[in-house]
Amino acid sequence: MHLRAPLAAVGLSAVSVLLAGCFAAGAGQTAGSSGDHRIKLAMMQPPRSGLTPFSDDAFKLSRWSTAETLVTLDGNGDARPGLATEWRRTSDTAWEFTVRPGVSFHDGSVLTAAVAVNTLTRSAKAVPKPRILDGVALTAAVQGDKLVVTTGTPDPLLPQRLSSPQLSILAESAYAADGKVTPVGTGSGPFRLVQVNGTTSATLDRYDGYWGDKAKAAGIDVSFVPDGTARAAAIRSGEAHIAEAVPVSQAALLDAQTISEVPMPRTNTLYLNTKSGPFADAAMRAAVRETINRGQIVSTVYENRADVAKGLLGPALPWTVQARKEVTGRIAAGRANGATITLATFTDRAELPEVASLVQQQLQDAGFKVNQVVREYAHIEQDMLAGKFDAFILSRATVLDSGDPVAYLKSDFTCGGSFNIARLCDENVEQAVRKAEGAEAGDQRRAAILEAEAAVLRTDAAIPMLHERVIQGDATSVADSVKDPRERALITSATHLK
């Protein structure tokens, strides 16, 4: 069985016309030395929240290298200096940070500890809060020339928490009296955001006052292209130098030299509504667990460019694969008996509607009656979070914020979690996530995380199906773009055209 039709020539032609309007010039139209070149980038999702850093739009700012955080993460998820050069823990709940000297923002103002306090204070008071601050009582203050960050309870991962793009430090001019935040001209990275055209495009120029290595490229021209076929076509036609999230269906149509594939901490999960409808019954959720054929989804929809899920966390975190134990104490599966359910997903990730069709077929074969709802993410998120569907298929990053899965487990599966699609509130899960949250970094924390994962899986509130791999398109003229499993970095000061 195969759910995909080949790309028609007429479709590619139409896509090329569309993209010609998105970009000011073709990818080959660059002039002068390499420093004159502008990088043309086709991104998957347009801004959903006006590029406020308190939302997921912050990851765009990070991928454009226009906004920066106090702390960065290395490949192992360990904290490294960013806008803070060093830090130390001064008590169970307090940390002292030294702010990097000589940093100027794009509006000409200077980074100080007080500026960092301003951002962190506004972040803590934002409604809704940045996901990384779910359940965290955080306060910031200036002591001498130091930034002191205090939490209500001990937080062993506070430095990693401050690495989240949602806590990017912006100039004070970014914050309006009415609560709105604009990153235009207020970041500190090697590229200055100069213009945003709604959900269509954005423009960034090299910032010559950058405190670190100056950008090799003159700027970035961003086009938001939700259609995956169009993003891949932009690489084939030369309309884009870099295209993020190339759909699996298009990977085989691109020159092998223009695609890269990296296991990523992103899990394609079927969330089940535990509060209302048929899946309030744990035995019915268990029936879904036993029904889903993960291997079939991976081999057909993903053409084996994904990994079958054995847990919520996948091979991008190798320690989870090595240390995970089989989940015990699971409830026996019930029978569907013709129960009617609504299964939903979104179109922004091209594979998800195909996954939904295959899951629908599998559930129907098991005796469920399935109605399907598919929309763009911006038009379905509110209903998803309000619990209006019985089942929802989501491609979910599991270590997006701090490089640590606890934030994801807390956000998605605890009673007060801000992204609790399954509407789960289970005391065993609460205790396990609290234990993981308080554990010190290292083997102790990793073991607690796997215990929390098992507690979630035992409820069958979420059925992990597969772990995705990021497929990125890069023209052969591009050098030093970042292939980041966490989807935080993409274009840096080193990225340029050959």
Burial ranking of peptide ranges 331-339, 435-443 (average Cβ count within 10 Å, highest at the top): 435-443, 331-339
Anchor residue 369: aspartates and glutamates whose Cα lies under 20 Å away (excluding residues fewer than 8 positions away in-chain): 281, 290, 354, 390, 460
Where 199, 85 fall by accessible area, highest first, once all protein chains stay in place (1.4 Å): 199, 85
Fraction of accessible area attributable to carbon and sulfur, the chain (%, probe 1.4 Å): 49 percent
Sites residue 280 and residue 109 - FRET efficiency at Förster radius 41 Å, r taken between beta-carbons, to 0.05: 0.20
In nm, spacing of pseudo-spin labels at residue 124 and residue 208 (7 Å Cα→C-beta vector): 4.0 nm
For the stretch 257-271 and the stretch 39-108, distance of Cα centres in Å: 23 Å
Farthest toward positive dipole pole in the chain [+1 Lys/Arg, -1 Asp/Glu at C-beta], among 392, 485, 319: 392
Distance (nanometres) between label positions extended 7 Å along Cα→Cβ at residue 257 and residue 373: 4.8 nm
Out-of-range pairs (alpha-carbon distance over 29 Å; input 310/483; 388/435; 180/483; 146/180; 125/410; 125/325): 388/435; 180/483; 125/325
Accessible-area ranking of 180, 216, 410, largest first, probe 1.4 Å: 180, 216, 410
Magnitude of the charge dipole, the chain, Cβ model with Lys/Arg +1 and Asp/Glu -1, debye to 20: 320 debye
Gain upon complete extension [residue 440, residue 303; 0.36 nm per residue less C-alpha separation]: 45.4 nm
Average accessible area per residue (Å²) across the stretch 349-409 - probe 1.4 Å, nucleic acids and ligands excluded: 35 Å²
Nonlocal amide H pairs with residue 422, under 5 Å, H built at 1.01 Å: none
For the stretch 409-467 versus the stretch 351-385, the gap between their alpha-carbon centres in whole angstrom: 24 Å
Charge-dipole axis of the chain as Lys and Arg at +1 and Asp and Glu at -1 on Cβ define it, positive-most pick from 346, 274, 188: 274
Inter-site label distance for residue 92 and residue 388 at 7 Å from Cα along Cβ, in nm: 4.5 nm
Karplus-derived HN-Hα couplings along the stretch 225-230 (A = 6.51, B = -1.76, C = 1.60, θ = phi - 60°), whole Hz, x at Gly and Pro: 10, x, 6, x, 4, 5
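The values are calculated or read from the model by the stated rules, or taken from the named source; none is laboratory data. Note that the structure is predicted; figures quoted are calculated from it, not measured. Counting neighbours? That spans all protein chains shown, and the Cβs are built from the backbone with ideal geometry, glycine included. Note: areas computed on protein heavy atoms with side chains; ligands, DNA, RNA excluded. Shrake-Rupley method; radii C 1.70, N 1.55, O 1.52, S 1.80 Å.
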